[in-house]
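The values are calculated or read from the model by the stated rules, or taken from the named source; none is laboratory data. Everything numeric in this text was worked out from a predicted model, so none of it was measured. Positions of Cβ are generated from backbone atoms using ideal geometry, with glycine treated the same way; all protein chains shown enter the neighbour counts. In case anyone asks, the SASA skips ligands and DNA or RNA and just uses the protein heavy atoms, side chains included. Shrake-Rupley method; radii C 1.70, N 1.55, O 1.52, S 1.80 Å.
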Amino acid sequence: MKFSRGNVLLGVGITAGIAAIVAGVMVAGTPAEGRMQRLDRVRAGDLRAIATSIDAFWQRQERLPDSLGELVADPRAQVSVDDPDTEQEYEYRILGEDSYELCAVFALASIPNNRAPDAFWLHSAGRHCFSLVASAGGPLERDPAE
């Protein structure tokens with residue numbers, strides 16, 4: 001069987017195109033993985049914003065809100081308390097007078113980033129909780145048993 005020069009070039013071009021697509025998926029991940037990463041970034045951002053709003057609530061009220069519903073009822077707290085995918089409310093649990101826990105279900109484990117020095121918000125895949133203390137300076141990790 002004889003191959004013409006055009007057929008060989010077409011075959012090489014198709015092979016190169018397929019290799020480029022495979023390499024792109026390996027480096028950047030699938031579109032589904034990209035969506036999961038984006039949703040996890042939103043979840044982590046929501047929890048950070050909730051913690052900041054709880055700190056502000058603590059400063060004004062000298063107590064923790066009884067629920068996330070009480071927090072969002074305050075017009076000054078413009079935060080999202082619902083998971084962007086499931087639309088279920090994030091978990092909030094009071095641990096002590098000024099300590100609490102925020103939990104979310106993450107699709108993927110977070111990847112440490114040298115440009116983001118705040119390692120506190122790193123999480124595993126699945127349900128992950130962050131223990132925090134209400135303060136004027138933002139979220140602080142503390143053992144709730146203290």
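Would you pick out the residues in the stretch 53-85 that are polar (S, T, N, Q) and either open to solvent by less than 50 Å² (accessible area, probe 1.4 Å) or assigned to a loop (DSSP other than H, G, I, E, B) (or both)? Working first, answer last.
Residues of the stretch 53-85 polar (S, T, N, Q): 53, 59, 61, 67, 78, 80.
Listed by number, the residues that qualify are 53, 67, 78, 80.
Which of the residues that make up the stretch 55-96 are within 19 Å of the chain's Cα centre (by Cα) and among the acidic types (Asp, Glu)? Listed by number, the residues that qualify are 82, 83, 85, 87, 89, 91.
Only a single item in (1) open to solvent by less than 60 Å² (accessible area, probe 1.4 Å); (2) not basic (Lys, Arg); (3) not in a helix (DSSP H, G or I) is not met by residue 49, and it is number (3).
Here residue 83 fulfils each of the conditions (1) in contact with a helix residue (DSSP H, G or I) (Cβ under 7 Å, 6 or more places away or on another chain); (2) modelled with pLDDT under 90 apart from (2).
Counting just the residues of the stretch 113-133 that are touching a strand residue (DSSP E or B) at 6+ places or on another chain (Cβ under 8 Å) and in a helix (DSSP H, G or I), which one comes out modelled with the lowest pLDDT?
120
Scanning the stretch 86-106 for residues that are within 21 Å of residue 36 (Cα to Cα), touching a strand residue (DSSP E or B) at 6+ places or on another chain (Cβ under 9 Å) and open to solvent by 20 Å² or more (accessible area, probe 1.4 Å) turns up 86, 88, 89, 91, 105. Before we move on, is residue 110 at pLDDT below 90, of a type in the set (Ser, Thr, Tyr) and closer than 17 Å to residue 44 by Cβ? So residue 110 fits the description; yes.
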